[in-house]
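Written out below as structure tokens is the structure these notes cover.
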Amino acid sequence: MTPANHLPRIVLLGTGGTIAATAHTTTQLTDYTVTEGVHSLLEAVPGLRKLAHIQSQQVFNIDSRAMSSAMLLKLAQHINEVLTRDDVDAVVITHGTDTLEETACFLHWTIKSSKPVILTAAMRPASAYSADGSMNLYHAMLTACHPQSVGQGVLVVLNDQIHSARFLTKQHTSRVDAFASPDAGPLGQIANGQLRFLVHSVLPHTTQSEFDVRLQHELPRVLILFDHPDACPEAMRNAAQNGVSGFIIAATGNGSITPGSQQGIEIVSRMGVRCVRASRIGVGSVSTSSHDEALGLIAAQWLPAIKARILLQLALTHTNEPQALRQIFNRY
Ligand code: ASP
């Protein structure tokens with residue numbers, strides 16, 4: 001990765017989140033504000049400089065709930081550009097935990113490099129007792145420097161574990177062990193500074209993915225509809241009339257759509273809007289159904305609704321054909 005006796009050269013990108021936030025007291029774990037720049041996160045963990053030559057850049061400094069598609073595009077384009085530099089071996093990104101899944105997946109499918117790209121975050125603000133940000137950042141940097149991180153797609157390092165962006169989901173609102181990869185488990189783990197990869201994902205990402213957003217100016221709007229009895233078809237019609245190009249129906253059980261959503265799908269399908277059947281359960285696959293064809297529906301397969309939304313946004317930049325979209329969902 002680098003000439004002998006030289007430390008890896010890493011670009012640390014800050015985007016905000018709780019890892020960069022402070023509260024009024026050491027026990028306050030909500031209602032905090034993003035106050036810290038990425039440079040101060042770097043300075044707060046002096047051990048990082050022993051691992052790598054680090055250059056820090058502030059891309060955004062926001063709560064991740066505000067990470068829009070336009071910002072995702074900007075972030076992916078910036079990282080793609082940074083990774084073309086011969087003097088950069090890897091990128092580490094600090095981020096909020098709330099939409100970490102979206103950003104991680106988006107980058108996993110759109111970064112055109114096999115160099116390590118590592119995201120990290122924190123559940124507790126920097127001002128709290130037992131704040132988790134410093135160790136998470138240290139572990140993220142260790143992972144970025146590790147030769148086996150090359151070619152693994154985007155990795156997310158939190159709470160002593162290394163996850164693939166493809167599988168990671170947030171499963172708890174407040175605990176430091178909020179993240180897991182329910183369908184696959186973590187790819188690796190870190191204990192007392194020792195990093196060990198266990199498995200790797202064989203699903204397409206980065207250089208094997210067909211999605212390239214380097215010249216993309218915007219992404220199609222895709223909404224997630226959390227299905228329930230009494231779902232309202234008019235809401236879908238209104239959204240479609242206002243420029244929404246796709247829906248992820250987080251349907252009941254194994255993708256079973258309620259009567260209200262079924263009506264909504266019939267209306268918007270006639271308008272050329274594509275609907276993906278995912279599940280509101282969040283774990284497990286949604287299988288293809290013999291009824292999908294008639295409505296132009298696409299089964300999300302193994303993707304939870306949050307990740308299915310990102311994939312549909314990307315897929316719609318290539319095709320609006322249900323059969324082609326089904327093939328994409330089968331592959332990813
Ligand atoms: N609201 C914060 C964010 O996503 C939560 C966190 O980072 O843990 O930016």
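Points worth noting:
- Residue within segment 233-251 that is of a type in the set (S, T, Y) and over 23 Å from C105 (Cβ atoms) present: no
- Within segment 258-269, the set of residues being open to solvent by 30 Å² or more (accessible area, probe 1.4 Å) and of a type in the set (S, T, N, Q) comprises Q262, Q263.
- Listed by first and then second residue, the pairs with beta-carbon distance under 8 Å, at least 6 apart or on different chains, first residue in segment 121-134 and open to solvent by 40 Å² or more (accessible area, probe 1.4 Å), second within 11 Å of the ligand (Cβ to nearest atom) and among the acidic types (D, E), are R124/D132.
- Scanning segment 315-326 for residues that are in a helix (DSSP H, G or I) and either of a type in the set (K, R) or open to solvent by 100 Å² or more (accessible area, probe 1.4 Å) (or both) gives a single hit, R326.
- Contact map, segment 56-68: residues that are away from the ligand (no atom under 13 Å from the Cβ) paired with residues that are of a type in the set (G, A, S) and in a helix (DSSP H, G or I), Cβ distance under 8 Å, separation 6+ or inter-chain. No pairs are found.
- Remark: L137 matches the filter, which requires a residue to be touching a strand residue (DSSP E or B) at 6+ places or on another chain (Cβ under 6 Å) and within 16 Å of the ligand (Cβ to nearest atom).
- Selection status of M271, more than 27 Å from L100 (Cβ to Cβ) and within 28 Å of the chain's Cα centre (by Cα): no
- For segment 6-21, the set of residues classified as under 23 Å from the mean Cα position of the chain (by Cα) and either within 16 Å of the ligand (Cβ to nearest atom) or not hydrophobic (A, V, I, L, M, F, W, C) (or both) consists of L13, G14, T15, G16, G17, T18, I19, A20, A21, listed by residue number.
- Output for segment 138-150, where each listed residue is over 17 Å from the mean Cα position of the chain (by Cα), of a type outside the set (V, I, T) and either part of a helix (DSSP H, G or I) or surrounded by fewer than 21 Cβ atoms within 10 Å (Cβ to Cβ) (or both): Y138, H139, M141, L142, A144, C145, P147, Q148, S149
- Exactly one residue among L312, L297 is open to solvent by less than 30 Å² (accessible area, probe 1.4 Å) and closer than 18 Å to E102 by Cβ, and that residue is L312.
- Segment 1-30: number of residues that are over 20 Å from I79 (Cα atoms) and either modelled with pLDDT under 95 or among the hydroxyl-bearing types (S, T, Y) (or both): 10
- Residues that are more than 16 Å from the ligand (Cβ to nearest atom) and buried (at least 19 other Cβ atoms within 10 Å of the Cβ), drawn from segment 40-52: L42, L48, A52
One line per residue, one yes/no per condition, for (1) open to solvent by less than 50 Å² (accessible area, probe 1.4 Å); (2) out of contact with any helix residue (DSSP H, G or I) (no Cβ under 7 Å at 6 or more places or on another chain):
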residue: M271; (1), (2): no, no
residue: S285; (1), (2): yes, yes
residue: W302; (1), (2): no, yes
residue: A305; (1), (2): yes, yes
residue: I328; (1), (2): yes, no
residue: R331; (1), (2): no, yes
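- Enumeration of residues in segment 58-88 that are among the polar types (S, T, N, Q), more than 16 Å from K115 (Cβ to Cβ) and open to solvent by less than 40 Å² (accessible area, probe 1.4 Å): S64, S69
- Within segment 22-39, the set of residues being over 14 Å from S130 (Cα atoms) and within 16 Å of the ligand (Cβ to nearest atom) comprises T30, D31, Y32, T33, V34, T35, E36, G37, V38.
- Being over 20 Å from L168 (Cα atoms), buried (at least 21 other Cβ atoms within 10 Å of the Cβ) and not charged (D, E, K, R) is a description that does not apply to I118.
The values are calculated or read from the model by the stated rules, or taken from the named source; none is laboratory data. Owing to the predicted nature of the structure, the values given are computational and were not obtained by experimental measurement. All Cβ positions, glycine included, derive from the backbone under ideal geometry; neighbour counts span all protein chains shown. Heavy atoms of the whole protein, side chains included, go into the accessibility calculation; ligands, DNA and RNA do not. Shrake-Rupley method; radii C 1.70, N 1.55, O 1.52, S 1.80 Å.
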